[in-house]
Amino acid sequence: MRNGKMVAGILFSMILGLGILIPGSVSGQDQALNGVLVDGHGVLKMRTYEDPGGRLMRQRVLAARAALPQDICRKSPLRKISINRLETALQDAIENNRQPTDAMRHLAGLTRLEYVFYYPETKDIVIAGPAEGWVEDASGRVVGIGSGQPCLELQDLIVALRAFAPGSLEDPVITVSIDPSQEGLRKMQEFLAGLRGIQPNDAGRIASGLQTSLGLQDVVFGGIDANTHFAQVLVEADYRMKLIGIGLEKPSVRMSTYIDKANPASVSQNAMRRWYFVPDYERVMVSDDDLAMEMVGEGVKLIGEDEIVNADGSRKSVSQSDRASRLFTQSFTRMYSKMAARSAIWAQLRNLIDLSVAAAFIREQGFHEMADWTMPVFSNENAYPVQVYTTPVRVETAVNVHWKGNTLMTPVGGGIQIEPTVALSGHNLQTDAKGNVKQAHNLVDPSRIQSDRWWWD
């Protein structure tokens, strides 16, 4: 207590992100799509794309329907893509000085990866899932014309396949972490210690002081290259999850957020909440002949961890669990499928996890060797570059000042951690007892498809 008054409830967060993108219906209501620019110093800045009344999106949809071939524009419950045939088609385009087609870059409109198949007779490695025609929205995100769900990207598939390259013995952990510096945390603690007799109308001053003292936050990647689209999606998902938790972004569905449930009386003044996305590993069904695998469930969950921030800015994990944090992570996980249906970033995060698990499965089953496939193009950055984005290195601290109770609540950290091989071990693997996965595999006969065709329904 200072000057007879408790420090009022202030909730703020240190966040890095690539923007807030809530596309809504592609058929078009009022919407503002947010994205980012990364400057020459690697600092992320927000950018908003306006589309009053959805007029621009409607025009884009009409143009896309007119331009796309009917067969690929048609909605398909299960489109199949032979990824080694796709690489051959890409190589042919490169050798003949042609750009890859939009169909190649957007994986024939695939919006979800559900299956991985291998066919010994033709040596095809096939991924399969629902697909439809696609359109680019005002922010540059490519989504299904009907569903608004983001399309899987060739560049992300390549990043996943490189992480689990043929012959590699490594089990990479794909991570992104957004954290303040120890110096920034030390200055923040000094700023907080100097607060005296604050009132609700001091909120702006406090927010500015917190941003200044914390300064820029660092972004650290692991397991993948930081200058890829794959990495940028991970960062955006981490960023927006924290925005939702602290009340700076309204979630697209009803859920319990941290700011809703936080009880100031039970929160230590120097506590720091950390939230992490991880795969929901119990989701892989494999056929009895090991030639087919199905992704089961949503595949993403949010977990929490608490830390204490010391006066010198160092951090220490603590054993106690914060109820508000636990309710937020549980609610976010429970509502994930509905959020992914309404907001593209969550579907994109799920797609990246699916691609990573699929790539790990392909390597673990030895499909590269069985198919005599060395990925001559996909594994060669010079042949087909995917590391073409400016690396996000730092971001300004985002602060939300919220008066609730009489405790000063401190920053949020965390990130994303994906360990695909864990999904393929122990109790996480499920036996295809009913034979449904094998049946889905047997419905596909690549030998009846022209050898130069890399996708089909």
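The values are calculated or read from the model by the stated rules, or taken from the named source; none is laboratory data. Since the model is a prediction, treat every value here as computed from it, not as a measurement. We place every Cβ from the backbone using ideal geometry, glycine too, and count neighbours over all the protein chains shown.
Quick rundown of the values:
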quantity: Number of the condition not met by Arg363 [criteria: (1) among the charged types (D, E, K, R); (2) farther than 30 Å from Gly140 by Cα; (3) at pLDDT below 95]; calculated: (3)
quantity: Whichever residue in segment 317-369 is acidic (Asp, Glu) and in a helix (DSSP H, G or I) and, among such residues, is farthest from Gly304 (Cα to Cα); calculated: Glu369
quantity: Scope segment 221-257; condition at pLDDT below 85 and aromatic (Phe, Trp, Tyr); matching residues; calculated: Tyr239
quantity: Selection count where residues are within 30 Å of Val386 (Cα to Cα) and surrounded by fewer than 19 Cβ atoms within 10 Å (Cβ to Cβ), scope segment 182-226; calculated: 4
quantity: Residue identified as at pLDDT 80 or above, touching a helix residue (DSSP H, G or I) at 6+ places or on another chain (Cβ under 6 Å) and among the aliphatic types (A, V, I, L, M) among Ala440, Ala423; calculated: Ala423
quantity: Selection within segment 413-442 - out of contact with any strand residue (DSSP E or B) (no Cβ under 9 Å at 6 or more places or on another chain) and under 19 Å from Val173 (Cα atoms); calculated: Thr421, Ser425, Gly426
quantity: Any hit, segment 400-408, residues being over 25 Å from Glu153 (Cα atoms), modelled with pLDDT under 95 and touching a His at 6+ places or on another chain (Cβ under 9 Å); calculated: no
quantity: Unique residue being among the basic types (Lys, Arg), part of a loop (DSSP other than H, G, I, E, B) and either more than 19 Å from Asp452 (Cα to Cα) or modelled with pLDDT of 95 or more (or both) when the list is Arg85, Arg98; calculated: Arg98
quantity: Listing of helices (runs of 4 or more DSSP H) fully contained in segment 158-259 that carry 3 or more residues being polar (S, T, N, Q); calculated: 203-214
quantity: Criterion violated by Asp30 - all others in (1) touching a Lys or Arg at 6+ places or on another chain (Cβ under 9 Å); (2) among the acidic types (Asp, Glu); (3) modelled with pLDDT under 65 satisfied; calculated: (1)
